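Some notes on the structure that comes next.
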Amino acid sequence: MSEIKQTFNSSLGKKLIMALTGLFLCTFIIVHVGGNLFLFKNDDGYGFNVYANFLTHFPPIEVIAYLLYFSILVHALYGLVLTINNRKARPVPYASAPKSPASWSSKNMGLLGAILFFFIVVHMKDFWYNYKYTHNVGYKEYRTDVLTNVTTVSDFTPADPAFEHSSTTEGNVEIVRVKDIHALVSTSFHNVWYLILYVIAMGTLSFHLLHGFQSAFQTLGWTHRKYSPVVKFIGTWFFAVIIPVAFALMPIVYYFLR
């Protein structure tokens with residue numbers, strides 16, 4: 001047991017934990033951006049509200065969510081520790097620093113991680129916390145005629161303050177009542193300061209993943225001359241370009257077009 005503890009307290013052990021939690025967070029990012037694509041639908045928030053309701057009320061997803069929160073904290077904590085240790089190892093900069101093959105993102109992972117952690121705290125407070133633990137979120141009622149597939153939407157005020165959601169059927173009409181987090185998102189995305197913060201955070205995410213995704217595979221020893229170029233391609237174009245751009249477009253579209 002002491003050997004295991006010693007291993008994870010070592011620099012290599014911390015890097016292994018960073019790699020594992022980082023890859024787990026990468027899987028979450030894929031799911032998150034996929035769900036958030038509902039924001040681009042012109043359906044009065046129906047798809048996004050139902051998606052958010054599912055995430056917060058399906059027990060297996062809730063368990064994974066708390067594992068996610070734990071992973072964010074561990075990843076941030078170990079990243080801070082490694083950054084401090086690296087600075088202590090070379091506290092005095094070279095008088096004439098030699099050229100390094102390391103990229104800008106690899107040399108500034110601590111700064112990038114700090115910006116992202118700040119954004120995550122703000123983001124979770126504004127949406128997750130308000131959605132689950134406050135009464136700052138209203139409700140919407142969606143009535144869908146299953147014969148015509150036409151959906152009408154209206155505000156809904158539950159009689160019971162503890163009401164969360166409901167799904168019922170009246171004849172040919174499906175009635176879904178859920179919290180309207182879409183309205184909260186829309187309001188936030190129409191705030192220019194939140195728009196700027198969001199876009200900056202997504203740029204930061206791009207640089208963070210540009211180095212972090214490939215670095216995780218190297219730390220775990222999952223390198224191969226045949227597959228490493230594939231990992232680099234995915235890390236560069238999918239995680240560092242497509243996903244951050246998709247996230248950044250959401251507040252941009254709402255601020256300028258909706």
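With each pseudo-label sitting 7 Å past Cα toward Cβ, what's the W193-V81 distance in nm, one decimal?
Once both label points are built, they end up 3.5 nm from each other.
Would you compute, from DSSP H runs of 4+ residues alone, the mean residue ellipticity of the chain at 222 nm, taking -39500 (n - 2.57) per run and dividing by the full residue count, rounded to the nearest 500? Walk me through the numbers on the way to the answer.
On the way: 11 runs with 158 residues, N = 258.
Mean residue ellipticity, 222 nm, calculated: -20000 deg cm²/dmol.
Output the pairs from K15/K88; K41/K179; K41/K125; K132/K179; K14/K125; K14/K232 with a Cα-Cα distance over 20 Å in this structure; if there are none, say none. Mind dumping the intermediate values first?
Values: K15/K88 17 Å; K41/K179 18 Å; K41/K125 25 Å; K132/K179 10 Å; K14/K125 28 Å; K14/K232 23 Å.
Table pairs above 20 Å Cα-Cα are K41/K125; K14/K125; K14/K232.
Grab the beta carbon distance between S10 and R143, set R0 = 35 Å, and tell me the FRET efficiency rounded to 0.05. List each step's numbers first, then the result.
Working: r = 59 Å, r/R0 = 1.70.
Approximately 0.05, to the nearest 0.05.
Averaging over all projection directions, find the projected area of the Cα convex hull of the stretch 139-179 and quote it in nm² with one decimal place. Before the final figure, lay out each step's value.
Working: hull surface 11.0 nm².
About 2.8 nm², averaged over all directions.
Which ³J(HN,Hα) values, rounded to whole Hz and listed in residue order, are derived for the stretch 61-74 from phi using the Karplus coefficients 6.51, -1.76 and 1.60 in 6.51 cos²θ - 1.76 cosθ + 1.60 with θ = phi - 60°, glycine and proline given as x?
5, 5, 4, 5, 4, 5, 5, 5, 4, 4, 5, 4, 5, 5
Figure the gain on full extension for T27 and K132 (residue separation times 0.36 nm, minus the Cα-Cα span) and round it to one decimal in nm. Mind showing how you got there, number by number?
Working: separation 105, 0.36 × 105 = 37.80 nm, distance 2.31 nm.
That pair, T27 and K132, stretches by 35.5 nm at full extension.
Charges at C-beta only: +1 for Lys and Arg, -1 for Asp and Glu. How large is the resulting dipole of the chain about its Cα centre, in Debye rounded to 20? Mind dumping the intermediate values first?
Values: 19 positive and 13 negative charges, 372 e Å.
The dipole magnitude comes to about 1780 debye.
Measure nothing but the geometry: give the 0 to 90° angle between the long axis through the Cα atoms of 243-257 and the longest principal axis through the Cα atoms of the chain, rounded to 10°.
40 degrees
How large is the direction-averaged shadow of the alpha-carbon convex hull of the chain, in nm²? List each step's numbers first, then the result.
Values: hull surface 77.2 nm².
With the hull built on Cα positions only, its mean projection is 19.3 nm².
Over the stretch 139-179, what is the mean sequence separation of C-alpha contacts under 8 Å (at least six apart), divided by residue count, expressed as relative contact order in percent? It would help to have the intermediate numbers written out before the result.
Numbers: 70 pairs, mean separation 19.9, N = 41.
Relative contact order of the stretch 139-179: 49 percent.
With angles folded into 0 to 90 degrees, how steeply does helix 11-36 sit against the dominant principal axis of the chain? Use alpha carbons for both and round to 10.
30 degrees
Helix 46-57: angle to the longest alpha-carbon principal axis of the chain, degrees 0 to 90, nearest 10?
Between the helix axis and the principal axis of the chain, the angle is about 70 degrees.
What is the chain's relative contact order, in percent, from Cα pairs under 8 angstrom and six or more apart in sequence?
Details: 244 pairs, mean separation 58.8, N = 258.
Relative contact order comes out at 23 percent.
Where a number appears in this text, it was derived from the coordinates with a stated rule and is not lab data. All values reported here derive from a predicted model rather than from experimental measurement. Cβ: placed from backbone, ideal geometry, glycine included. Neighbour counts: every protein chain shown.
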